[in-house]
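**Q** Let me begin by handing over the structure; questions about it come next.
The values are calculated or read from the model by the stated rules, or taken from the named source; none is laboratory data. Note that the coordinates shown come from a computational prediction; the quantities given were computed from them, not determined experimentally. We place every Cβ from the backbone using ideal geometry, glycine too, and count neighbours over all the protein chains shown.
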Amino acid sequence: MHAWIHAASPDVVVGASLGGLLALRCSSATRTAPLVLVNPMPPAGWLGIVPLGGRYPDLVPWRRGASLPSTARALPDADATTRQMAWRRWRDESGAVMNAASAGVSIERPHAQTLIVISERDDDVPSSTSRALAEALGADILDCAGASHVGPLLGHAAADVAERVLAWLRLRS
């Protein structure tokens with residue numbers, strides 16, 4: 001994974017949730033590309049950051065167990081059209097991957113400038129965990145009041161969040 005991202009030489013590395021942890025882990029390969037993390041799962045072994053510690057079955061049935069009402073509960077800050085789109089695109093996940101990530105993955109401290117997008121109403125990655133990570137990294141914070149775990153990406157405020165992230169990135173170019 002490090003070789004791919006190093007060869008790609010990205011202008012920015014972005015990841016959300018599990019993807020945020022993966023982006024953080026890969027960021028050492030880019031050295032200079034800014035890093036944007038949206039409600040990232042936390043790494044292991046950093047003072048003040050508690051791994052999530054969830055226990056998942058072998059296969060997390062996010063697709064097989066999905067319904068429109070469960071999607072609405074997961075995306076309370078999204079409109080009906082977005083909920084419908086998300087419901088049709090859920091996918092099942094490897095429980096082994098989720099358990100390993102929840103236990104905490106060790107990473108190198110990134111050298112890149114970092115922005116952490118934090119949802120106030122995140123039921124998956126507590127905002128206090130994301131704040132502790134931001135403090136440990138010396139990262140900037142973009143608060144998303146009232147947003148769910150995926151609210152910064154799919155909620156009513158997603159366009160505003162994207163504009164704010166772009167403004168942060170423009171200040172770094």
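**Q** Among the residues of region 117-135, count how many are under 12 Å from the mean Cα position of the chain (by Cα), over 24 Å from A167 (Cβ atoms) and free of Cβ contacts under 8 Å to residues at least 40 places away in the same chain.
**A** Number satisfying all stated conditions: 1.
**Q** Filter region 74-110 down to the residues that are in a helix (DSSP H, G or I) and either within 18 Å of L22 (Cα to Cα) or of a type in the set (G, A, S) (or both) and list them by number.
**A** A74, A80, A86, G95, A96, V97, M98, N99, A100, A101, S102, A103
**Q** Would you check which residues across region 111-134 are part of a helix (DSSP H, G or I) and either out of contact with any strand residue (DSSP E or B) (no Cβ under 9 Å at 6 or more places or on another chain) or of a type in the set (V, I, T) (or both) and list them? Working first, answer last.
**A** Looking only at region 111-134, we keep the residues that are part of a helix (DSSP H, G or I), and these are 127-134.
Scanning region 111-134 gives S128, T129, A132.
**Q** Residue under question is A103, and the condition is that it be out of contact with any strand residue (DSSP E or B) (no Cβ under 8 Å at 6 or more places or on another chain) and modelled with pLDDT of 85 or more; does it hold? Outline the logic, then answer.
**A** Working: out of contact with any strand residue (DSSP E or B) (no Cβ under 8 Å at 6 or more places or on another chain): yes; modelled with pLDDT of 85 or more: no.
So A103 fails the test.
**Q** Taking A86 and the conditions (1) farther than 30 Å from R172 by Cβ; (2) free of Cβ contacts under 8 Å to residues at least 40 places away in the same chain; (3) crowded, with 19+ Cβ neighbours inside 10 Å, which numbered condition does it fall short on, given that it satisfies the others?
**A** Unmet for A86, out of (1) farther than 30 Å from R172 by Cβ; (2) free of Cβ contacts under 8 Å to residues at least 40 places away in the same chain; (3) crowded, with 19+ Cβ neighbours inside 10 Å: (2).
**Q** Can I ask one more? Which members of region 3-32 meet the condition of being buried (at least 19 other Cβ atoms within 10 Å of the Cβ), modelled with pLDDT under 85 and of a type in the set (G, A, S)?
**A** Listed by number, the residues that qualify are S27, A29.
**Q** Right, another one. Determine, yes or no, whether R73 is closer than 22 Å to G155 by Cβ, touching a helix residue (DSSP H, G or I) at 6+ places or on another chain (Cβ under 7 Å) and either aromatic (F, W, Y) or without any contact (Cβ under 8 Å) to a residue 24 or more places away in the chain (or both).
**A** no
**Q** Can you find even one residue in region 60-79 that is within 18 Å of the chain's Cα centre (by Cα), farther than 13 Å from T129 by Cβ and among the acidic types (D, E)?
**A** There is at least one residue in region 60-79 that is within 18 Å of the chain's Cα centre (by Cα), farther than 13 Å from T129 by Cβ and among the acidic types (D, E).
**Q** Checking L142 against (1) out of contact with any strand residue (DSSP E or B) (no Cβ under 7 Å at 6 or more places or on another chain); (2) in contact (Cβ under 8 Å) with a residue 24 or more places away in the chain, which test does it fail?
**A** That leaves (1) as the condition not met.
**Q** Conditions: (1) within 19 Å of V14 (Cβ to Cβ); (2) more than 16 Å from the chain's Cα centre (by Cα). A139 meets all but one. Number of the miss?
**A** Among (1) within 19 Å of V14 (Cβ to Cβ); (2) more than 16 Å from the chain's Cα centre (by Cα), A139 violates only (2).
**Q** Quickly run through region 50-74 and pick out the residues that are surrounded by fewer than 13 Cβ atoms within 10 Å (Cβ to Cβ) and small (G, A, S).
**A** Once the filter is applied, which keeps residues that are surrounded by fewer than 13 Cβ atoms within 10 Å (Cβ to Cβ) and small (G, A, S), region 50-74 yields G53, G65, S67.
**Q** Sort through A159, A167, A147 and tell me the only one that's closer than 26 Å to R73 by Cβ and without any contact (Cβ under 8 Å) to a residue 12 or more places away in the chain.
**A** Going through A159, A167, A147 in turn, just one is closer than 26 Å to R73 by Cβ and without any contact (Cβ under 8 Å) to a residue 12 or more places away in the chain: A159.
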